[in-house]
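Each remark here refers to the structure printed beneath this line.
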Amino acid sequence: MSAYERYAVTAASYDDTRWAAGQEVILGCLAQADGSLASMTLLDAGCGTGNYARALIDRVGRIEALDLEPAMLERAKAKLRGEEAAGRIRFHRGSVTELPFADAAVDGVMVNQMLHHLPGEPGDPLAGYRRAFAEFARVLRPGGVLVVNSCAPHQLDRGYWYYALIPEAARRIRERFPPLVTLRGMLEEEGMEWRGSFAPLDLVLMGEAYFDPRGPLDPVWRAGDSTFALVTPEELERALATLRRLEAEGRLERFLAEQDAEREKVGQITVFYARKPAGG
């Protein structure tokens, strides 16, 4: 479960503002694994409501979908009931830091906007990342590929217009996203080969909902970005008061445009991938 978000609550509205952003980039990375996509056993680690599993189910051989939050798994199962009945996907409740799979059990692992939810430990805030990467390396077959959809720190600084309304929470969320060089080092410590990273500049995680200047006034809209779970009641009150004032002054659309000006230069997400050596 998330170290800070209440997905048991937000699962019901999560899909109102989220989609499988970056799916084609992810698929291209998975295609670098040994063997064909059509025969790939893919682990969707932290599958959430199953958006990415549904997007890729027809492109791979079989999916093992895992999440620790029962409410998210139920949503995913409802979307993919037919595929589950056909044996094309299996669902598991479990943690990415203790995967319920044997060594070398899968050909590919994908992780979408999940690692920042893992709890750290005193003196090691990235302990969750380390344990998860160790588990991914363990369950991958030699020649298999790990693909991670995440955010680079500079994208959090410049890629989300509404973070200007909640600067304290924006700082807190940035602390959960280490730079790529740190992540690369962690993966190489597990014997993985870093293969590259991509930042699709035209993608936004919340789809068209992202461009609604009144969006943060709606709790359902806010549920689409877990950063709002790090906002205190006082900070939220100030943010909403600012939005209402800007709207009353006729400056809300301009505010969005000004705060969003850098996004197309840096993007919102970064996809990176690594390969388990064929002899590993």
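The values are calculated or read from the model by the stated rules, or taken from the named source; none is laboratory data. This structure is a prediction, so every number in the text was calculated from the model and none was measured. In this analysis, Cβ positions are derived from the backbone assuming ideal geometry, glycine residues included, and neighbour counts consider all displayed protein chains.
The condition (being part of a strand (DSSP E or B), surrounded by fewer than 16 Cβ atoms within 10 Å (Cβ to Cβ) and at pLDDT 95 or above) is satisfied by just one residue among G196, G191: G196. Would you say F101 is more than 30 Å from A170 (Cα to Cα), aromatic (F, W, Y), in contact with a helix residue (DSSP H, G or I) (Cβ under 6 Å, 6 or more places away or on another chain) and not in a loop (DSSP other than H, G, I, E, B)? For F101, the condition - more than 30 Å from A170 (Cα to Cα), aromatic (F, W, Y), in contact with a helix residue (DSSP H, G or I) (Cβ under 6 Å, 6 or more places away or on another chain) and not in a loop (DSSP other than H, G, I, E, B) - is not met. Report the residue count in the range 69-117 for those that are of a type in the set (A, V, I, L, M, F, W, C), closer than 20 Å to A274 by Cβ and touching a Ser or Thr at 6+ places or on another chain (Cβ under 7 Å). Residues that pass the stated criteria total 2. Would you pick out the residues in the range 174-185 that are surrounded by 18 or more Cβ atoms within 10 Å (Cβ to Cβ) and out of contact with any His (no Cβ under 7 Å at 6 or more places or on another chain)? Result: R174, P178, L183.
Pairing residues of the range 234-254 that are among the small types (G, A, S) with residues that are part of a helix (DSSP H, G or I), at Cβ distances under 6 Å and at least 6 apart in sequence or on separate chains, gives A239/L165. If the condition is being out of contact with any helix residue (DSSP H, G or I) (no Cβ under 9 Å at 6 or more places or on another chain) and aliphatic (A, V, I, L, M), then the range 115-129 contributes only A127. Residues in the range 56-98 that are in a strand (DSSP E or B) and basic (K, R): R62, R90, R93.
Sort out for me the helices (runs of 4 or more DSSP H) sitting completely within the range 213-280 that have 2 or more residues that are in contact with a Ser or Thr (Cβ under 7 Å, 6 or more places away or on another chain).
Per the criteria, 219-222.
Can you find even one residue in the range 170-182 that is free of Cβ contacts under 8 Å to residues at least 40 places away in the same chain, β-branched (V, I, T) and over 15 Å from I269 (Cα atoms)? Yes.
Is one or more of the residues making up the range 142-151 at pLDDT 95 or above, more than 18 Å from the chain's Cα centre (by Cα), surrounded by 15 or more Cβ atoms within 10 Å (Cβ to Cβ) and not basic (K, R)? So far as the range 142-151 goes, yes, one or more of its residues are at pLDDT 95 or above, more than 18 Å from the chain's Cα centre (by Cα), surrounded by 15 or more Cβ atoms within 10 Å (Cβ to Cβ) and not basic (K, R). Working only within the range 248-263, note down all residues that are surrounded by 12 or more Cβ atoms within 10 Å (Cβ to Cβ) and out of contact with any Phe, Trp or Tyr (no Cβ under 9 Å at 6 or more places or on another chain). Answer for the range 248-263, where residues must be surrounded by 12 or more Cβ atoms within 10 Å (Cβ to Cβ) and out of contact with any Phe, Trp or Tyr (no Cβ under 9 Å at 6 or more places or on another chain): R251, L252, E253, R254, E262. Kindly establish whether D58 is free of Cβ contacts under 8 Å to residues at least 40 places away in the same chain and under 19 Å from A78 (Cβ atoms). Spelling it out, D58 is indeed free of Cβ contacts under 8 Å to residues at least 40 places away in the same chain and under 19 Å from A78 (Cβ atoms).
The set of residues in the range 201-211 being part of a loop (DSSP other than H, G, I, E, B) and out of contact with any Ser or Thr (no Cβ under 9 Å at 6 or more places or on another chain) consists of L201, D202, L203, V204. Pairs meeting the criteria (first residue in the range 67-86 and farther than 17 Å from A12 by Cα and touching a residue at least 24 places away in the same chain (Cβ under 8 Å), second residue among the small types (G, A, S) and buried (at least 17 other Cβ atoms within 10 Å of the Cβ), beta carbons under 9 Å, at least 6 apart or on different chains) are E83/A53.
Take the residues in the range 26-38 that are in contact (Cβ under 8 Å) with a residue 40 or more places away in the chain, surrounded by fewer than 20 Cβ atoms within 10 Å (Cβ to Cβ) and not charged (D, E, K, R); name whichever of them is farthest from R195 (Cα to Cα).
So the residue we want is G35.
Against the numbered list (1) in contact (Cβ under 8 Å) with a residue 60 or more places away in the chain; (2) touching a Ser or Thr at 6+ places or on another chain (Cβ under 7 Å), Y160 comes up short only at (2). Among residues that are surrounded by 12 or more Cβ atoms within 10 Å (Cβ to Cβ) and over 18 Å from the mean Cα position of the chain (by Cα), D225 is not included.
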